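**Q** Just dropping this structure here.
The values are calculated or read from the model by the stated rules, or taken from the named source; none is laboratory data. Bear in mind the structure is a predicted one, so any value in this text is a computation, not a measurement. Here the Cβ positions follow ideal geometry from the backbone for every residue, glycine too, while neighbour counts run over all protein chains shown. SASA here: full protein model, heavy atoms, side chains in, ligands and nucleic acids out. Shrake-Rupley method; radii C 1.70, N 1.55, O 1.52, S 1.80 Å.
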Amino acid sequence: MENRKKPNVLFIMSDDHAAHAISCYDSKINETPNLDRIAEGGMRFDNAFCTNSICAPSRAAILTGRYNHLNGVKTLGDEFDSRQQTVQKIMKDDGYQTALIGKWHLGHGGIHDPSGFDYWNIFPNQGDYHDPMMYEMGIEKTIKGYATDIITDLSIDWLDQRDKDSPFMLMLHHKAPHRPWDPDEKHKHMYEDIDIPEPETFNDDYSNRAQAAKEAKMRIDRDLTKRDVKADPPKGLTDAELKSWKYQRYIKDYLRVIASVDDNVGRILDYLDENDLAEDTIIIYTSDQGFFLGDHGWFDKRFMYEESLRMPLMIRYPRVIKPGSVTKDFALNVDFSETFLDYAGIEIPEEMQGRSLRPVLEGNTPDDWQTSMYYRYWEHLSLEHRVGAHYGVRTHDYKLIYYYGEALGSAHASDEPRTPEWELFDLNKDPYEMNNVYDDPAYAEIVKELKTELYRLKEKVQDFE
Ligand code: CA
């Protein structure tokens, strides 16, 4: 690093983009040539996980490098207190030019506005796909056009006008592909003449699992609204046909919205190339969490199950990352901040709870690298999706989940107790997590070990509740 200028950081985060809808992750349902360019020129992480699979909490974890019980955003009902330490504040203090453009979704007004950014322009709330209201440095105004294009245009404008003599960190946060999946004109007819394959677990009946799976309200056949599918179904369909029809309506719009993200990521990559920035810019593509794409018969996220837990994560930095590399080493959303600080040559604050991914990126994974991760979803039976609160541990081979059955006073949660339940999945034998083996005597020793690990991690991250 010594005799070299500090790298720029371009952090592109979409919203609810599952890794299994990206072609470099072997998607069976779409192609994303521009997102693949990042992986081809850098590293793809196959085991990147969020620590709480829901929008605002994951965003807070990324900015602070701290778990939700410590950064104050455990649920969608908690707003971010921008007076706390964040990666962008530290980078800005170090001389980086910092900007946030697009989705913030951590509350706004007063102490909830973004801080630590030289420039910010966000959606005041979730944001609209068409002609969105934006909130630029405290002033609201509507911008004509399509959100994904607008965020990219604003980002390119900001990059153009920046001081070219100092490094930048740009956080470019797409609203897409979040619900309600409204495509733009350019992509609205994509996939019209084809059927998108249904996933393996499309007809999951939630047997052999905790009651929590059965209770959740995020089913394709029952819980998608007319606003989601944007049409009335044809008459005379059987229940199974209707479910398939709804899935096609849902997944095609989801993929159309992603096609626009992919085009726009291509524009940004071209901009870096044309402006001689590609070599000195660490570019990251990720999403705040994963999503169920008809998997288990669901849409949405929240559960610790794989499709929701896993984040896409591709990082390119040609100076040090070998092109086309792939890792199975664990990476967590709380690790991102420390990675940026590490590459910027800035001391990492004690209170950050992740670990810099730099050695993994450079092919020198230390022997003591994390092989287990702690997860916690707090929003017990929140009104719309009814997923019970849970925490758990995932290792390379197993996942143990504890649905503890209480709201514990969390915002956005329902005070409706449930009998606590455990789930254990053998990820090698049962990658789709269809068969809970918690009560199988053959796994008794594994359960014991995983519980020890779960409580070790819980204590390590200082989650005492
Ligand atoms: Ca999200």
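**Q** Taking the criterion of being of a type in the set (A, V, I, L, M) and surrounded by 24 or more Cβ atoms within 10 Å (Cβ to Cβ), would at least one residue in the range 290-299 satisfy it?
**A** yes
**Q** For the range 8-45, what are the residues that are buried (at least 23 other Cβ atoms within 10 Å of the Cβ) and either assigned to a loop (DSSP other than H, G, I, E, B) or free of Cβ contacts under 8 Å to residues at least 60 places away in the same chain (or both)?
**A** Across the range 8-45, the qualifying residues are 15, 16, 17, 18, 22, 32, 42.
**Q** So, residue 62, is that one over 22 Å from residue 300 (Cβ atoms) and either touching a residue at least 60 places away in the same chain (Cβ under 8 Å) or assigned to a helix (DSSP H, G or I) (or both) or not? Before you say what the answer is, go through the steps one by one.
**A** Working: over 22 Å from residue 300 (Cβ atoms): no; either touching a residue at least 60 places away in the same chain (Cβ under 8 Å) or assigned to a helix (DSSP H, G or I) (or both): yes.
When the stated conditions are applied, residue 62 does not pass them.
Matching residues to (1) touching a Ser or Thr at 6+ places or on another chain (Cβ under 9 Å); (2) open to solvent by 10 Å² or more (accessible area, probe 1.4 Å); (3) among the β-branched types (Val, Ile, Thr); (4) farther than 16 Å from residue 303 by Cα:
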{"position": "387", "(1), (2), (3), (4)": "no, no, yes, no"}
{"position": "392", "(1), (2), (3), (4)": "no, no, no, no"}
{"position": "397", "(1), (2), (3), (4)": "no, yes, no, yes"}
{"position": "400", "(1), (2), (3), (4)": "no, no, no, no"}
{"position": "404", "(1), (2), (3), (4)": "no, yes, no, no"}
{"position": "417", "(1), (2), (3), (4)": "no, yes, no, yes"}
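**Q** Being farther than 25 Å from residue 403 by Cα and in contact with a strand residue (DSSP E or B) (Cβ under 7 Å, 6 or more places away or on another chain) narrows it down to one residue among 177, 234, 197, 183; which is it?
**A** Just a single option satisfies the conditions, and that option is 177.
**Q** For the range 334-385, how many residues meet the condition of being surrounded by 22 or more Cβ atoms within 10 Å (Cβ to Cβ) and of a type in the set (D, E, K, R)?
**A** The total comes to 4.
**Q** OK, next. Restricting to the range 285-316, count the residues that are in a helix (DSSP H, G or I) and either more than 14 Å from the ligand (Cβ to nearest atom) or within 21 Å of residue 64 (Cβ to Cβ) (or both).
**A** Of the range 285-316, the ones in a helix (DSSP H, G or I) are 295-297, 306-309.
With either more than 14 Å from the ligand (Cβ to nearest atom) or within 21 Å of residue 64 (Cβ to Cβ) (or both) added as a condition, the list becomes 295-297, 306, 309.
The qualifying residues number 5.
**Q** Can I ask one more? Go over the candidates 111, 101, 122 one by one and state the one that is open to solvent by 20 Å² or more (accessible area, probe 1.4 Å), among the β-branched types (Val, Ile, Thr) and at pLDDT 95 or above.
**A** Working: 101 fails: open to solvent by 20 Å² or more (accessible area, probe 1.4 Å); 122 fails: open to solvent by 20 Å² or more (accessible area, probe 1.4 Å).
The conditions single out 111.
**Q** Say whether the condition of being modelled with pLDDT of 95 or more and within 16 Å of the ligand (Cβ to nearest atom) is met by at least one residue in the range 263-278.
**A** First, pick out the residues of the range 263-278 that are modelled with pLDDT of 95 or more: 263-278.
Of the ones still in play, those that are also within 16 Å of the ligand (Cβ to nearest atom) are none.
Taking every residue of the range 263-278 in turn, none turns out to be modelled with pLDDT of 95 or more and within 16 Å of the ligand (Cβ to nearest atom).
**Q** Anything in the range 67-104 that is in contact (Cβ under 8 Å) with a residue 40 or more places away in the chain and of a type in the set (A, V, I, L, M)? List them, or say none.
**A** 70, 76, 87, 90, 91, 99, 100, 101, listed by residue number.
**Q** With 184, 165 as the choices, which residue is open to solvent by less than 30 Å² (accessible area, probe 1.4 Å) and of a type in the set (Asp, Glu)?
**A** Matching residue, one of 184, 165: 184.
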